[in-house]
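The values are calculated or read from the model by the stated rules, or taken from the named source; none is laboratory data. If you're wondering where the values come from, they're calculated on a predicted model, not measured in any experiment. In this analysis, Cβ positions are derived from the backbone assuming ideal geometry, glycine residues included, and neighbour counts consider all displayed protein chains. Ligands, DNA and RNA are excluded from the accessible area calculation, which covers all protein heavy atoms including side chains. Shrake-Rupley method; radii C 1.70, N 1.55, O 1.52, S 1.80 Å.
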Amino acid sequence: MQQAILERPPESEQKAVEPRSGRRSTLGAKDRTFGFMIALPAVLLFLVIAIFPLVSSIFTSLFDQSLLRPERTFVGFDNYAAVWEEFFARLGTTVVFASLATVFPLVLGVALALLLNARMRGRNILRGALMLPWLLPGVVVSFLWAWIFNDSYGVVNHVLSVFGLPEVSMLGTPTGAMAAVVIAKTWHSFPWIMVVALAVLQTLPSEQIEAATIDGATRAQRFRHISLPHIAGPVTLVAVLEFIYNFGNFDTIFVMTGGGPGNSTTTLAVSLYDLAFGSYELGKASAMGALWLVLLAIITSGYLFLNRRLEK
């Protein structure tokens, strides 16, 4: 009996404990309310900027609507059937541009990262200088390269004429135009791939490179068996992101070629712009945008799946 009395806490301690538990629940509710109020403006902004235009565009794709006519007529999926062939015709050009504009910056960025990771004089200055293309807006880069490749007064043809070589028409031929926009996009994109690869290379233990060098491994062998596996994961994710971005690139092609000559550089972005603001067909442009959205959702899902696989 005495032991039970001793083990029982005093009434004062019991009373002190009960209000404390109730106070904790009250603070928890206030914290949740405060957190909701903090997040509410961002959620409303996201709904206004992203969700509402998306839903409105999908709704518009079901109507025959034009900027030249105030009225619109419900046509169901007729707009999708009307742009189906156009969508797949421009899809091939888009894939070609996105692939080339991803591979070349990837190779150039990794090569420069390996160069700048080595001990050399002035590498910090060179790192800063190579970042300049990335700091310029895409439109500025596009106008710059359009001037460089201009057939009449471009820098390329001027240099060729100085050396007595035949001039080339980069923007006047289908192959040359595609090469021109890929070169411009490569020059604009390689710095950020270089920075990512260089940052990952900085985490590579120098002992591994030194041990391989002592064992007689060549530079190619050290890159293949040590450096490349070390940077493969992050660089792969960067390449996928770059491909997704290039898939929707608009400013480079629109400024430099306008989709020409002919339709040789007309991507989905340029085609959608022509439908909406060239032909003023908002319904058909919205239908093409919806198809484009589905395709990008599939590509993004593949990126997320690849990201999870590489994190394991």
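Scanning the stretch 110-130 for residues that are open to solvent by 40 Å² or more (accessible area, probe 1.4 Å) and hydrophobic (A, V, I, L, M, F, W, C) yields A111, L114, L115, A118, M120, I125, L126, A129.
To keep it simple, each residue is scored yes or no on (1) over 20 Å from G289 (Cα atoms); (2) out of contact with any helix residue (DSSP H, G or I) (no Cβ under 8 Å at 6 or more places or on another chain).
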{"residue": "L45", "(1), (2)": "yes, yes"}
{"residue": "I51", "(1), (2)": "no, yes"}
{"residue": "T60", "(1), (2)": "no, no"}
{"residue": "D64", "(1), (2)": "no, no"}
{"residue": "R69", "(1), (2)": "yes, yes"}
{"residue": "F74", "(1), (2)": "no, yes"}
{"residue": "L91", "(1), (2)": "no, no"}
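When the test is whether a residue is modelled with pLDDT of 90 or more, within 24 Å of I231 (Cβ to Cβ) and open to solvent by 70 Å² or more (accessible area, probe 1.4 Å), W187 passes it. Within the stretch 230-252, residues that are closer than 17 Å to I298 by Cβ sit with their Cβ atoms under 6 Å from residues that are aromatic (F, W, Y), at 6+ positions apart or across chains, in these pairs: V240/Y303. Among the residues of the stretch 38-89, those identified as under 23 Å from T266 (Cα atoms), open to solvent by 100 Å² or more (accessible area, probe 1.4 Å) and within 26 Å of the chain's Cα centre (by Cα) are W84, F88.
Taking the stretch 50-165 and the helices (runs of 4 or more DSSP H) fully enclosed by it, the elements with 2 or more residues that are touching a residue at least 12 places away in the same chain (Cβ under 8 Å) and out of contact with any Leu (no Cβ under 9 Å at 6 or more places or on another chain) are at 78-117, 132-135, 138-148. Within the stretch 200-212, restricting attention to residues that are touching a helix residue (DSSP H, G or I) at 6+ places or on another chain (Cβ under 9 Å) and loosely packed, with under 13 Cβ neighbours inside 10 Å, which residue is farthest from V107 (Cα to Cα)? Step by step, filter the stretch 200-212, then rank; the result is T203.
Selection of the stretch 213-223 for residues being closer than 12 Å to L114 by Cβ and either in contact (Cβ under 8 Å) with a residue 24 or more places away in the chain or surrounded by fewer than 15 Cβ atoms within 10 Å (Cβ to Cβ) (or both) yields R219, A220, F223. Does at least one position in the stretch 228-236 carry a residue that is open to solvent by less than 40 Å² (accessible area, probe 1.4 Å), in contact with a Phe, Trp or Tyr (Cβ under 9 Å, 6 or more places away or on another chain) and either small (G, A, S) or part of a helix (DSSP H, G or I) (or both)? So far as the stretch 228-236 goes, no, none of its residues is open to solvent by less than 40 Å² (accessible area, probe 1.4 Å), in contact with a Phe, Trp or Tyr (Cβ under 9 Å, 6 or more places away or on another chain) and either small (G, A, S) or part of a helix (DSSP H, G or I) (or both).
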